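Every number in this text was worked out from the coordinates using simple rules, so none of it is lab data. Owing to the predicted nature of the structure, the values given are computational and were not obtained by experimental measurement. Virtual Cβ from ideal backbone geometry, glycine too; neighbours counted across all protein chains shown.
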Amino acid sequence: MKFIYQIENLFLELPIGNPEEKRSILKNIHLTIEAGKIYTIVGASGCGKTSLLRVMGGLTQKSSGKVLYQNKEVSSPPEGVAFVFQDYANALLPWRTVEKNISLPIEDSLSALECSARVKEAIAQVHLTGRENDYPWQLSGGMQQRLQIARALATKPNVLLMDEPFAALDAMTKASMQDELLKLRDQTNISIVFITHDIEEAIYIGDQVSIMRGPPGEIFEAIDISLSPNRDQLTTRGLPEFLQYRKLIHESIKGH
């Protein structure tokens with residue numbers, strides 16, 4: 001078993017108004033991320049889910065504890081980790097085409113030929129072939145989010161950190177994107193940490209569901225999901241095991 005991330009006894013405090021006053025944001029977080037798995041995190045708004053993701057991505061510095069990525073302490077954005085944000089519209093550059101948005105994080109570090117190959121591969125992975133020369137404003141919401149994911153994939157990451165990436169999408173597009181994410185995991189063996197408010201989404205795509213409460217945010221329960229890896233929106237969601245997981249997680253959140 002290979003762990004990509006190891007988080008132990010993580011605490012995060014941030015200043016309030018002046019440096020002498022601090023608010024506790026995260027406390028006593030323990031989490032291990034295995035290669036090729038999807039870890040979903042659910043919890044009420046304001047419990048610290050996004051803050052946890054930012055610490056993992058090196059965008060916010062922890063106060064204490066251990067956050068290791070590939071056995072190295074995270075003190076800045078680690079190579080091999082890519083972020084996918086909820087607000088895809090503001091994450092994309094409207095004056096750049098689909099191709100140019102995807103090439104943004106790699107165009108200065110790769111040759112033109114390799115960059116072009118990476119972009120083409122990423123476009124195919126998210127099914128945007130034929131839209132290479134479109135601008136973000138010419139794409140639907142679902143396509144814009146696919147574009148943001150393609151930009152992350154072009155960096156060839158080991159880990160995707162996803163902050164409620166499908167929250168703003170309509171139900172049909174959301175379901176389609178969930179299935180695409182599962183296919184992507186199977187094709188690339190990428191590890192994914194996925195924040196959501198949607199309990200059913202957390203179960204459907206997750207290999208493990210972590211339940212957070214707060215503030216300050218802490219993971220008070222982690223549930224391994226033993227559903228078949230070959231999941232289907234209708235069949236899987238109707239399984240007795242799926243409904244049992246939903247009941248268990250709902251009651252766990254409600255009870256805290």
Segment 52-125: spread of alpha-carbon positions along the three principal axes, whole Å, largest first, is 41, 27, 22
Taking only Cα atoms of the chain, the Rg to Rh ratio with Kirkwood Rh works out at 0.97
Note on segment 142-256, DSSP bridge orientation, antiparallel percent to nearest 5 equals 55 percent
What is the magnitude of the charge dipole of segment 186-256 about its Cα centre, with +1 placed on the Cβ of each Lys and Arg, -1 on the Cβ of each Asp and Glu, and no other charges, expressed in debye to the nearest 20? 200 debye
Charge context of S140, other residues only, Cβ under 13 angstrom, K/R +1, D/E -1: +1
Given N residues in segment 92-156, what is its alpha carbon radius of gyration divided by 2.2 N^0.38 Å? 0.97
Which of the three applies to segment 79-225, rounded, prolate or oblate, going by the alpha-carbon gyration tensor with a ≥ b ≥ c and a/c under 1.5 meaning rounded? prolate
Can you work out D for segment 158-256 in µm² s⁻¹ from Stokes-Einstein, where Rh is the Kirkwood radius over C-alpha pairs, the temperature is 37 °C and the viscosity is 0.692 mPa s? 230 µm²/s
So for the pair A124, Q244, with labels modelled 7 Å out along Cα→Cβ, what separation do we get in nm? 4.2 nm
Segment 62-92 and segment 228-256 have their Cα centres apart by a whole-number Å value of 29 Å
Over segment 12-136: Rg over Rh, Cα atoms, Kirkwood Rh: 1.04
Beta bridge orientation in the chain: antiparallel %, DSSP, nearest 5: 55 percent
Would you calculate, for the chain, the mean residue ellipticity at 222 nm contributed by helices, counting each DSSP H stretch of 4 or more residues as -39,500 (n - 2.57) and dividing by all residues, to the nearest 500? -10500 deg cm²/dmol
Using alpha-carbon positions, what is the distance between the centroids of segment 167-189 and segment 1-26, in Å? 30 Å
